[in-house]
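Student: Provided herewith is a single structure, encoded as structure tokens, for subsequent inquiry.
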Amino acid sequence: MEEILVIDDEKKMHRILQISLEGLGFHVIPASTGLEGIERAKTLTPSLVITDMKMPGMSGMEVLHEIKNIGEEIPVIIMTAYGTVQTAVEAMKAGAFDYILKPFDISEMEIIVEKAVRYRRLARENEQLRSELQSKYRFDNIIGRSNPMQRIFQLINQIAPTKSTILIRGGSGTGKELVAGAVHYHSNRSSMPFIKLNCGAIPGTLLESELFGYEKGAFTGAERQKPGRFELADGGTLFLDEIGDMDTLLQVKILRVLQNGEFERLGGTQTIRVDVRMIAATNTDLEQRVREGRFREDLYYRINVVPIEIPPLRERREDIPLLVHHFIDKYSEETHQTKKTILPEAMDLLIHYDWPGNVRELQNLIERAVVLTRSDTLTPKSFTFPDRPRKTAASLNEIIIPEQGISLSDVVEELEKSYIKKALIQAEGVQIRAAELLHTTRKILRYKMEKYGI
């Protein structure tokens, strides 16, 4: 249970806040003087401190400074009378989280408290995630703590020292090139070239010359001899992305290099021998292409010695917070800004988005948010998602009920859970506001949140 330290010389204020905040699930620790409050803060390290501005002995401003010395990340809320508003504003400049004027509405205090505690949790999560990023949840530039990514890291360690050909499969933006680079740089070829080529980005007529090079005069415009990618990668690794787009005639030549390690430049007769480890990647269904005769079966088996499947980002949502903090740190540093923090409701928005563009889309979104957000905190409004067709209520023709039937209660619960999450995001995490949006009471909302683990 999170602890809130309340420092005020009025016992009545202790009692009011204790009844209210303990009803929200917090444990309230009262202190009658600033000095008593400071001593308790040193031993307890509370999640939040609420202090009056004017008290006998130590003032609220002095309490603020002392609390910040104990823990810079501990939020402090200042309570003040009408006559000391200017002092409260000065306290905000000195690091107070917020201030509230006496007498206040208790619901207003509850909103500020919940917001402050969320910031405290966020600070802890940020520190924990950054610590994790520096340890076991990253492999070179690949980040992930999910089971699928941990298995990929383990597989990279196993296969990197070998000469086995690798086929990396995954959607666009999942990080196939990063995985290929990790294999190369953890192999005994790491000091040799790592050559990359996207087969889908080069017309078939030019791809052969890019792969195998050409002799002077081999075709119009070939004014000098040029080595191909296989030759440039000799002793190292060649990464061929989107290999499924390659012409079948060219696939025969690739197969020969993989089997014998030899080829001829375009327009040449001299056989060139190379020692190259090939890593291929695709986001297409190669098995289907083999069945259709668009991809050679013998080449398929030759490149699919060690398959690596990178899951889409929507299937490893637990990795999203790590990736978000990595990209925030990266682009804050590149743009010479203070490292930004992200609100829990904004993080929740990112976690529940489907990410059709995978990690690349997330990276671009974070970069844009860091560059365009002027404050040091990213909120849900910092992120702009591309317009996509909105889902409307399903018609009778769209509803599919399996032969074995379906649980209506499960369907209703999933729908209810989705609306609660959306309301919390729209209300920026303020439960009272979310309950109003859903036309229910806060008590019922909290019950539903506990029920669904939200």
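Student: Using the Cα centre of region 3-133 as the reference point, and only Cβ charges (+1 on K/R, -1 on D/E), how large is the resulting charge dipole? Debye, rounded to the nearest 20.
Tutor: Working: 15 positive and 21 negative charges, 4 e Å.
I would put it at about 20 debye.
Student: Quickly estimate the mean residue ellipticity at 222 nm for the chain, helices only: each DSSP H run with n ≥ 4 gives -39500 (n - 2.57), and the total goes over all residues, rounded to 500.
Tutor: Working: 18 runs with 210 residues, N = 454.
Helices in the chain give a 222 nm mean residue ellipticity of -14000 deg cm²/dmol.
Student: Output the pairs from K42/K451; K176/K330; K339/K381 with a Cα-Cα distance over 29 Å in this structure; if there are none, say none. Mind showing how you got there, number by number?
Tutor: On the way: K42/K451 36 Å; K176/K330 20 Å; K339/K381 18 Å.
Pairs exceeding 29 Å: K42/K451.
Student: Which of the lysines could be linked to K448 by a straight reach, that is with a Cα gap under 17 Å, when you skip same-chain ones fewer than 8 residues away?
Tutor: Excluding near neighbours in sequence, the set is K417, K421, K422.
Student: Answer with one residue from H186, G173, T43: the one whose Cα lies farthest towards the positive end of the charge dipole of the chain, charges on Cβ with Lys, Arg +1 and Asp, Glu -1.
Tutor: Final value for the positive-end residue is H186.
Student: Projected onto the charge dipole of the chain (+1 at Lys/Arg Cβ, -1 at Asp/Glu Cβ, origin at the Cα centre), which of G71, V117, Y300 gives the Cα projection farthest towards the positive end?
Tutor: Sorting the options by dipole projection puts first Y300.
Student: Quick check for me: using +1 on Lys/Arg Cβ and -1 on Asp/Glu Cβ, what's the dipole size of the chain about its Cα centre, in debye to the nearest 20?
Tutor: Numbers: 60 positive and 65 negative charges, 114 e Å.
With Lys and Arg at +1 and Asp and Glu at -1, about 540 debye.
Student: How much of the DSSP bridge set in the chain is antiparallel, in percent, rounded to the nearest 5?
Tutor: On the way: 7 of 44 bridges.
So the antiparallel bridges amount to about 15 percent of the total.
Student: Based on alpha-carbon centroids, what's the gap between region 198-213 and region 312-387 in Å, whole number please?
Tutor: 36 Å
All of the numbers you see were taken from the coordinates with simple rules; none came from a lab. Note that this is a predicted model, so its numbers are computed, not measured. Here Cβ is always computed from backbone atoms with ideal geometry, including for glycine, and neighbour counts include all displayed protein chains.
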